[in-house]
Amino acid sequence: MTSIDSAVLKRAAGARALDFIADGMKLGLGSGSTSEAFHELLAVRVRGGLNIVGVPTSERVAQLARSLGIPLAKLDDTAPLDLTVDGADEADRDLNAIKGGGAALLREKIVASSSRKMIIIADGSKLVDRLGRFPLPIEVVEFGHKTTAARITRAIAALGYANVPLTLRSKDGAPLKTDSGNLLYDAGFGAIADAAKLDAALSSVTGVVEHGLFVAIASTLVIARPNGVEIIERSTSAG
């Protein structure tokens, strides 16, 4: 897929997500290139009279939204939100997802969890049979982060994931810091057998602030392919 094709599909997914937006909604504004395509389309509606207010999931999103004229508010002043629209690095048909490639996973999950519904928008390349090909971001506090990484390794080994590489994410030769001042480790699972069990195990590790597994959070998945857009809704059995 060329970058032009990818951009077209991201815009198609964002356009379809607009069908879920109603006047007066309080919206979580996701991070990433697909979300940004949605924001640009949303801004056109706002300029046309649509009355919404957005809560950004990153400083970058806040800056973009302001430049586009999308009204913003603080989460504490608006929660619960009606809907969050966000992208994903990977998603499966059970609507579990991996997020955090853009280092905004903590705020993304806080905003999504503060919303009545979450829609994930993505191009077809992000829909997978099993999560894990994309390295799972794990956000940790800076203090003692190497000992936290060792605890992560032990916790996932107990689930049967042996020799999973943990890589401290860096930028410009220094450890990358998130908007909340934390560090990120990327875990190369390859394949995740049980997302819910891994979710619980990682969340129990002292020093882990949050991780990029979004389990039982999204309610709708919007997947754009060259032949059309597919809508996948959460089934009752999926929780």
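Here is how the numbers come out for the structure above:
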quantity	calculated
Kirkwood estimate for the chain, i.e. one over the average of 1/r between Cα atoms, Å	18.2
Linear extension gain, PHE143 paired with ASP194, 0.36 nm per residue minus alpha-carbon span	15.4 nm
Computed FRET value (nearest 0.05) for THR167 with SER33, which takes r as the C-beta separation and R₀ as 25 Å	0.65
Cβ-derived FRET efficiency at R0 22 Å, ARG66 paired with LEU176, nearest 0.05	0.40
Of GLY228, GLY14, GLY124, the one that fluctuates the most in a GNM where the chain has Cα springs shorter than 10 Å	GLY228
Per residue, the convex hull volume that the Cα atoms of segment 136-208 enclose (Å³)	91
Residue list for segment 110-152, given a label point 7 angstrom along the Cα-to-Cβ vector of ASN227 and an amide N cut-off under 19 Å	122-129
Most fluctuating residue given options ILE192, ILE152, ILE121, as computed from a GNM of the chain linking Cα atoms under 10 Å	ILE192
Rounded to whole Å, sorted largest first: equivalent-ellipsoid semi-axes of segment 1-43, Cα gyration tensor	21, 10, 7
Choice from GLY32, GLY207, GLY48 showing the highest fluctuation, given a GNM over the chain with Cα pairs closer than 10 Å	GLY48
Segment 136-208: relative contact order in percent, alpha carbon pairs under 8 Å with at least 6 residues between	47
DSSP-defined antiparallel bridges as percent of all bridges, the chain, nearest 5	55
Spin-label proximity, LYS74 to segment 23-43 - amide N less than 17 Å from point 7 Å beyond Cα toward beta carbon	none
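Every number in this text was worked out from the coordinates using simple rules, so none of it is lab data. Keep in mind that this is a model prediction, so the values were computed, not measured. Because the Cβ atoms are built from the backbone with ideal geometry, glycine has one as well, and the counts that use them run over all protein chains shown.
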